[in-house]
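Reading through the structure tokens given below for one structure.
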Amino acid sequence: MRLRRTVAGGARRAGRWYGEGPLHLLLLVASFALTGYVGVRLLADAQWPLVVVWFVGAALLHDLVLVPLYTVAAQAVARVTAGTTRHRAWTGYLRVPAALSGLLLLVWWPLISLGPGSAAAAHYTLTTRLPSEVFWARWLLISAGMFALAALWLLLRTLHTWHSGSTGQPRLRAETARRRWWRRRRSTKSRPPNGS
């Protein structure tokens, strides 16, 4: 019993110090170990400068080009669907598969962009013993599958809404009441205290 209390007290103290539970810490350590192993394997090859250049280039391309594009696209979709609650909810079914497809394209671009007869494709096939010409078709199939799943999910959700007879009005009323409450709260915070 005393050992159990000691272990529970130690776990609580460690949780307060770390901020999360022990399972979170274990998963984080395992992911760092796996990333370190992959990094050592990638950088052990004679072509490690190309790996570093590709990694830095991908990070810069994502932060300097793709993030502004994501932001502009999201704002354009929000402006087009402004005022229509249903259409705004539907944009997530397009946004999620598009983001995942773009992420796969970014990660696998070096292999997707290989030409069938290029020297890089021959080097990849010689090194890994895997075909290099299948990545473009597989990326297209995976992207089409994700969009098809999103469309199916939207269809099922729409049919369920129609079948249950819900129009979305209670949710809209709740959101409006919540906005009014926030506005009142903000206005009372900005008022000077009584007696000033």
Quiz item: Given a 1.4 Å probe and the protein chains all in place, what does the accessible area of ASP45 round to, in Å² to the nearest 10?
Solution: 80 Å²
Quiz prompt | Rounded to the nearest 10 Å², the accessible area of TRP48 at probe 1.4 Å | solution = 130 Å²
Quiz item: If you take the beta carbon distance between PHE32 and ALA144 as r and set R0 to 22 Å, what does 1/(1 + (r/R0)^6) give as a FRET efficiency, to the nearest 0.05?
Solution: 0.05
Quiz item: Residue by residue through the stretch 34-41, which ³J(HN,Hα) values in whole Hz follow from phi under the Karplus form 6.51 cos²θ - 1.76 cosθ + 1.60 (θ = phi - 60°), with glycine and proline marked x?
Solution: 5, 5, x, 4, 5, x, 5, 5
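The values are calculated or read from the model by the stated rules, or taken from the named source; none is laboratory data. Bear in mind that the values here come from a model prediction, so they are computed numbers and not experimental data. Quick reminder, even Gly has a Cβ in these numbers, built from the backbone with ideal geometry, and neighbours come from all protein chains shown. Side chains included, ligands, DNA and RNA excluded: accessible areas come from the protein's heavy atoms. Shrake-Rupley method; radii C 1.70, N 1.55, O 1.52, S 1.80 Å.
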